[in-house]
Amino acid sequence: MPSSGPNSPSTVVNDASIGVVAWINTANVTVSDDARATAVLDNLGSDPSNYIKATNFGFTLPGAIIINGIVVEWEKSKTLLATDPNDNAVRIVKAGSIGATDKSIADSWPGPASEAYITHGSSSDLWGETWTPAQINESDFGC
């Protein structure tokens, strides 16, 4: 079964269409090097963060394949002072637009002295969409 990736995004932005607290240092998402994007949440956790939109993964899927599923992995951690943050919205980005199917996980993020890659979707999960290789290859595809 052919696969492409894992790839890291080269474009990451704060998207205010979801949540209320902005992410800062979003460019830190482009590589796993312990420099992090952050959102400063209140201690009650009542104000969720905006959507951090990662695109431009540089995929080069051949045009003749069938897309059966999409796996997304986010590296997550929380600080010592953080409440127990969890996912507010984990969605796919198709043609630059955030999708409707939410793959959030209710579990708290790892930390404070650890981080982990958390998997969303699967090799048989299309995130409520239909896909062509060209759509995955586009620079405005993401999560």
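Read-outs throughout are calculated quantities, based only on the coordinates presented, and are distinct from any laboratory measurement. Fair warning: this is a prediction, and the values are worked out from it, not measured in the lab. Cβ sites come from the backbone with ideal geometry, for glycine too, and all protein chains shown count toward neighbours.
Quick notes on this structure:
- Loop-located chymotrypsin sites (Phe, Trp or Tyr not before Pro) in the range 22-63, at most 16 other Cβ atoms within 10 Å (DSSP): Phe59
- Full-stretch length increase - Thr101, Val40 - with 0.36 nm per residue and alpha-carbon distance subtracted: 19.4 nm
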